[in-house]
1. Identify the residue in region 28-80 that is small (G, A, S) and touching a Lys or Arg at 6+ places or on another chain (Cβ under 7 Å) and, among all such residues, is nearest to T120 (Cα to Cα).
2. Any residue that is more than 24 Å from V185 (Cβ to Cβ), β-branched (V, I, T), without any contact (Cβ under 8 Å) to a residue 24 or more places away in the chain and in a loop (DSSP other than H, G, I, E, B) - is there at least one of those in region 261-271?
3. Would you call S239 among the small types (G, A, S) and free of Cβ contacts under 8 Å to residues at least 60 places away in the same chain?
4. If you take the residues of region 320-335 that are at pLDDT 90 or above and in a loop (DSSP other than H, G, I, E, B), which of them is least open to solvent (accessible area, probe 1.4 Å)?
5. Select from region 275-331 the residues that are of a type in the set (S, T, N, Q) and in contact (Cβ under 8 Å) with a residue 24 or more places away in the chain and write down the one among them that is nearest to V193 (Cα to Cα).
6. Among the listed residues R261, R281, R246, which satisfies the condition of being in contact with a Pro (Cβ under 7 Å, 6 or more places away or on another chain) and of a type in the set (D, E, K, R)?
7. Are there any pairs, at least 6 apart or on different chains, whose C-beta atoms fall under 9 Å, with the first in region 113-134 and basic (K, R) and the second modelled with pLDDT of 80 or more and part of a helix (DSSP H, G or I), and if so, which?
8. Condition first: within 15 Å of G186 (Cβ to Cβ), of a type in the set (A, V, I, L, M, F, W, C) and touching a Lys or Arg at 6+ places or on another chain (Cβ under 7 Å). Can you find one or more residues in region 318-332 that meet it?
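The values are calculated or read from the model by the stated rules, or taken from the named source; none is laboratory data. On a predicted model such as this, the values are computed, not experimentally measured, just so you know. Here the Cβ positions follow ideal geometry from the backbone for every residue, glycine too, while neighbour counts run over all protein chains shown. SASA here: full protein model, heavy atoms, side chains in, ligands and nucleic acids out. Shrake-Rupley method; radii C 1.70, N 1.55, O 1.52, S 1.80 Å.
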Amino acid sequence: MTTPPTRRTIFSLAAGLGFLLLCEPVSADNLQTATLTFAASGATGPCPDEESFRNQVAARLGYQPFEQDGEHHVSVTLRAVRDRVHGRAEVLRSGQANPGVRELDGEITKCEALVSALATTVAIAIDPVRSVQPAIVAPPPATNDRPPPEPPPPPPEQRAPPQAPPSSHSPRITIFGTAGALAAVGLAPGPAVGGGVGVGLRRDVLSLEVSGQVETTPGTTRADSGDRVQATVFSAVLSPCGHLGRWLACGTGRLGVLQGRAPDVVHPSLGTSLIAALGARGGYILPLSSALALRGLVSAEFPLVRTSLTIDGASVWTAPPFAAAFELGVVVTVP
């Protein structure tokens, strides 16, 4: 004789069937896949690498979406210029004509946060559904074995002293060269133009540059005596500078010679005179690439020796107590 099932038995069977349905694993057929192109240029040392980027996207989706023959295509580029980094993420989904693009710009010291934001953008673009779901973490397997007790801490005299964490990176010394066009007043009897080239070293926010400059009056200038005079200045300039972002401020020291000429007198050459001056200059550097930048400088100088030009024993021009100049040129950094 068969005993009819009780209500409790029926309820237990239904609950067990529902639990099995809920615990059935999700099929992997609908997981989104993509190919990844990752490129970095410039000094991107503090930035995460390609493997780290792959892992960040996988952590947001709960699976690794990047395969060699993925359905979609993802392109990520990082470009560092001095102390800034530019990031670009481009996702082209299968069947779409135009890719989705996001670009971010920030300081090189905050590159990890910038790459993390790009990873979130890429995860949402690849799989919008799973990117917003919390990751499911499997519980650890049950065990009846108790962990062994932790050993007691050593006495204070045996404990190792705490060590300072290692520095993420130390500033490196870079070599740079400069070239520019000059315009000056107060350095010669009239407005002078010329050019200069230099070489320098930079470490972090400090730099030191040595340059050679030539400035000349493009024509003749009437002195107070009525004589026409010309002058050419050959000098070396030493400039220690401090940098704040793209701005710089420098002290300057100049040492050189001034050659004078009076074309209307019997002996046109007015000889060579020593010049020396101290001053300051400031400017702005506009990066064009990781190795090339434009630079504009404005300077003021105060002569230590006020040079004079004389004709027949009489002074016809004396250097003023103040000179100013403007320079526009380029800066080339050696990688």
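1. By that ranking, first place goes to G62.
2. So far as region 261-271 goes, yes, one or more of its residues are more than 24 Å from V185 (Cβ to Cβ), β-branched (V, I, T), without any contact (Cβ under 8 Å) to a residue 24 or more places away in the chain and in a loop (DSSP other than H, G, I, E, B).
3. yes
4. P320
5. Across region 275-331, the extreme among qualifying residues is S299.
6. Within the list R261, R281, R246, the selection yields R261.
7. R130/R60; R130/L61; R130/A123
8. Within region 318-332 (the criterion being within 15 Å of G186 (Cβ to Cβ), of a type in the set (A, V, I, L, M, F, W, C) and touching a Lys or Arg at 6+ places or on another chain (Cβ under 7 Å)), the answer is yes, since at least one residue qualifies.
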